[in-house]
1. Against the condition out of contact with any His (no Cβ under 6 Å at 6 or more places or on another chain) and assigned by TED's automatic domain parsing to the domain that holds ARG23, how does ALA88 come out, does it pass?
2. If I filter segment 53-74 down to residues being more than 19 Å from the chain's Cα centre (by Cα) and of a type in the set (Gly, Ala, Ser), which single residue comes out as surrounded by the fewest Cβ atoms within 10 Å (Cβ to Cβ)?
3. Tell me the residue from VAL77, VAL50 that is in contact (Cβ under 8 Å) with a residue 12 or more places away in the chain, buried (at least 20 other Cβ atoms within 10 Å of the Cβ), under 20 Å from GLU142 (Cβ atoms) and of a type in the set (A, V, I, L, M, F, W, C), please.
4. Give segment 98-117 a look and list any residue that's over 18 Å from the mean Cα position of the chain (by Cα) and surrounded by fewer than 14 Cβ atoms within 10 Å (Cβ to Cβ), or say none.
5. Just give me the residues in segment 130-178 being crowded, with 19+ Cβ neighbours inside 10 Å and in a loop (DSSP other than H, G, I, E, B), in sequence order.
6. Filter segment 21-34 down to residues that are part of a helix (DSSP H, G or I) and touching a Ser or Thr at 6+ places or on another chain (Cβ under 8 Å) and give me whichever is surrounded by the most Cβ atoms within 10 Å (Cβ to Cβ).
7. Can you confirm whether ASP149 is within 26 Å of GLY34 (Cβ to Cβ) and within 16 Å of the chain's Cα centre (by Cα)?
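The values are calculated or read from the model by the stated rules, or taken from the named source; none is laboratory data. It should be emphasised that the depicted structure is a prediction, and the values quoted were computed from it without experimental measurement. Positions of Cβ are generated from backbone atoms using ideal geometry, with glycine treated the same way; all protein chains shown enter the neighbour counts.
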Amino acid sequence: MAEPGRQLLLSRVDESDQALLARISGLSEDEARGGSGLPGWTRAHLLTHVARNAETLADAFEAARRGEVLTMYGGNVGVRNADIESGADRPAAELIDDVQRSSSRLRQSLRALAEPDWSRRVRHLNGSLLGIEDVVVMRWQEVEIHHVDLDLGYGPELWSPEFVELNLARQLQRLPERAPGVSPPELPDHEVLGWLYGRGRAGLPELPPWP
């Protein structure tokens with residue numbers, strides 16, 4: 001598919017945020033401490049990660065408005081991981097509020113970008129420079145994938161056709177370098193994308209962890 005227009009992309013990210021917030025709105029303490037789809041992480045770890053991701057991207061977009069290039073998480077994966085661990089012990093209501101406030105701040109920082117700002121860059125933890133629109137797509141992925149990882153009844157079959165079509169094409173382009181000689185299984189598109197993200201069902205060809 002053609003790349004979505006900027007305003008459409010922002011709207012889709014907003015919708016994903018709102019869908020995630022609606023699903024966690026009544027999260028109990030037991031559910032928050034329950035296991036997630038990511039080994040070693042509870043749902044509280046996941047929600048803290050989603051919030052800190054929104055926060056570091058908001059920082060990066062605000063820096064872009066000042067003409068600065070910011071590295072996500074201060075360029076320190078250890079700090080990122082420590083923030084997630086320390087934040088995972090909070091009560092469910094605090095976790096929900098954190099996701100709400102951080103995603104709201106991220107939306108505000110995106111809406112505040114002027115036209116010239118969209119040509120600026122953000123530095124990924126791996127050192128690569130990313131365009132603003134690519135970072136927005138990355139955030140869309142983060143929310144949709146971790147919504148699945150929460151294991152609260154949301155699966156790849158609920159991903160929007162736009163999300164699947166755009167990201168399936170992108171991920172398939174990376175497959176030959178990521179896993180030489182591995183071909184995608186003949187499955188519905190949303191299942192193939194789930195497999196590419198490491199969220200596929202058992203019995204499919206193994207892939208290196210999705211970054």
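1. Details: out of contact with any His (no Cβ under 6 Å at 6 or more places or on another chain): no; assigned by TED's automatic domain parsing to the domain that holds ARG23: yes.
So ALA88 fails the test.
2. Residue satisfying both the conditions and the ranking: GLY67.
3. Working: VAL77 fails: buried (at least 20 other Cβ atoms within 10 Å of the Cβ).
Of VAL77, VAL50, the one residue that is in contact (Cβ under 8 Å) with a residue 12 or more places away in the chain, buried (at least 20 other Cβ atoms within 10 Å of the Cβ), under 20 Å from GLU142 (Cβ atoms) and of a type in the set (A, V, I, L, M, F, W, C) is VAL50.
4. Step one: list which residues in segment 98-117 are over 18 Å from the mean Cα position of the chain (by Cα), which gives 111-117.
Answer for segment 98-117, where residues must be over 18 Å from the mean Cα position of the chain (by Cα) and surrounded by fewer than 14 Cβ atoms within 10 Å (Cβ to Cβ): ARG111, ALA112, ALA114, GLU115, PRO116.
5. Once the filter is applied, which keeps residues that are crowded, with 19+ Cβ neighbours inside 10 Å and in a loop (DSSP other than H, G, I, E, B), segment 130-178 yields LEU150, TRP159.
6. Narrowing segment 21-34 to residues part of a helix (DSSP H, G or I): 21-24, 29-33.
Subset that is touching a Ser or Thr at 6+ places or on another chain (Cβ under 8 Å): 21, 32-33.
Details: LEU21: 15, ALA32: 22, ARG33: 13.
This residue is ALA32.
7. Numbers: within 26 Å of GLY34 (Cβ to Cβ): yes; within 16 Å of the chain's Cα centre (by Cα): yes.
Answer is yes for this residue.
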